[in-house]
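Report on one structure; see the data block that follows.
The values are calculated or read from the model by the stated rules, or taken from the named source; none is laboratory data. Since this is a predicted model, take the numbers as computed values, not measurements. Neighbour counts are summed over all protein chains in view; Cβ atoms, including those assigned to glycine, are modelled from backbone coordinates with ideal geometry. Note: areas computed on protein heavy atoms with side chains; ligands, DNA, RNA excluded. Shrake-Rupley method; radii C 1.70, N 1.55, O 1.52, S 1.80 Å.
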Amino acid sequence: QNIFLQASNPGQFENDGDALWQRGQVPETIAYHGRVGINTDAPDEALVVCGNAKVMGRVMHPSDSRAKQNIREVDTNEQLRRITQMRLVEYDYKPEFASVMGIKDT
């Protein structure tokens, strides 16, 4: 599905669905408040890509002490005991899934 954007005034764009794209606060960025779908017209998350995506950089998952509270040391022996209770598995991808996803080593 093609989306054609038409500038209505500086920093704002509209398509047939009247989606509002705005200039971001950071230079050279745009913002859309809602869900965006690529190859889907029913995204159920902020961004849904149906197909392959190529990332020419890092995917960032911020998770440092600035985002957390109540950080404390844990009992190492207790944590090792809990790890021994985990179920560990090995698996092979189904050939039909692997071929669609471009996975060579299943």
Quiz item: Which members of the stretch 51-92 meet the condition of being in a loop (DSSP other than H, G, I, E, B) and hydrophobic (A, V, I, L, M, F, W, C)?
Solution: A53, V55, M56, V59, M60, I71, V74, M86, L88, V89
Quiz prompt | Residues (over 21 Å from V100 (Cβ atoms), open to solvent by 80 Å² or more (accessible area, probe 1.4 Å), assigned to a strand (DSSP E or B) and hydrophobic (A, V, I, L, M, F, W, C)) located in the stretch 20-50 | solution = I30
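Yes or no, residue by residue, for (1) among the acidic types (D, E); (2) under 30 Å from G34 (Cα atoms); (3) modelled with pLDDT under 90; (4) within 27 Å of the chain's Cα centre (by Cα):
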position: V49; (1), (2), (3), (4): no, yes, no, yes
position: S63; (1), (2), (3), (4): no, yes, yes, yes
position: R66; (1), (2), (3), (4): no, yes, yes, yes
position: D75; (1), (2), (3), (4): yes, no, no, no
position: R81; (1), (2), (3), (4): no, no, no, no
position: Q85; (1), (2), (3), (4): no, no, no, no
position: D92; (1), (2), (3), (4): yes, no, no, yes
Quiz prompt | Hits in the stretch 94-106 - residues which are loosely packed, with under 10 Cβ neighbours inside 10 Å and either touching a helix residue (DSSP H, G or I) at 6+ places or on another chain (Cβ under 8 Å) or over 30 Å from N39 (Cα atoms) (or both) | solution = K104
